[in-house]
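Bear in mind that the values in this text are calculations on the coordinates, not laboratory data. This is a predicted model, so every value here is computed, not measured. Here the Cβ positions follow ideal geometry from the backbone for every residue, glycine too, while neighbour counts run over all protein chains shown.
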Amino acid sequence: MIELLAVALITLLASIVPGPDFAMVTRNSYLYGRRAGLLAALGIAMGVQVHVFYTMFGIGLIIANSPLLFTAIKFAGAVYLVAIGWKTFANRSTVVLDLQDGAAVPRHTVFLNGFLTNALNPKTTLFVISTYTQVVQPGTPLTVQFGYGLCMSAIHLLWFALVALLFSKAAFRSRMIRRQRTIDRLIGALLIALGVLLACANMDKL
């Protein structure tokens with residue numbers, strides 16, 4: 001239960017940090033309507049599963065062949081969370097959105113764009129690997145590991161659906177971007193705290 005809560009919290013914090021996925025959902029919602037934004041959000045959520053599947057496979061091999069290496073990777077994952085937390089905390093740039101009018105696009109294209117945005121996103125790769133190495137143990141059943149992945153996708157879907165429904169409107173979007181510095185500091189501080197706690201826990205196992 002604690003592991004699932006950790007997955008949910010880390011995923012939520014990572015999702016809220018504005019990035020290519022946020023910009024893409026907002027742009028599609030603004031230009032083509034809420035349905036397009038929701039399809040993009042669904043594509044992003046499905047893209048997470050690409051990283052989940054190969055992470056589960058890789059972690060299984062590492063656990064079977066080198067438990068010590070797995071512990072070291074867990075520590076490296078915790079350090080990565082601290083690093084991305086600091087990068088978020090210290091971020092001074094703002095999200096730039098391309099909101100030029102364009103021709104309507106097919107629904108499957110919007111979904112595919114959302115899927116590829118996350119499936120090919122190096123940040124999502126590192127995030128999924130880092131999160132999984134913190135919560136997966138040598139005896140963790142595959143069903144539970146799949147559950148973690150579904151939790152990640154569900155949180156991405158819920159957050160970006162909210163973005164599509166609310167923040168695509170000019171007033172909401174500009175308000176959020178004006179407060180981005182405060183949001184980044186809060187999220188960054190929380191990620192650093194989580195990373196430090198997990199690193200300390202892993203140090204005891206090295």
Between R181 and A83, what is the label-to-label distance in nm when each label sits 7 Å out along the Cα-to-Cβ direction? 2.7
How much length, in nm to one decimal, is gained on full extension between Y54 and L158, taken as 0.36 nm per residue of separation minus their Cα-Cα distance? 35.1 nm
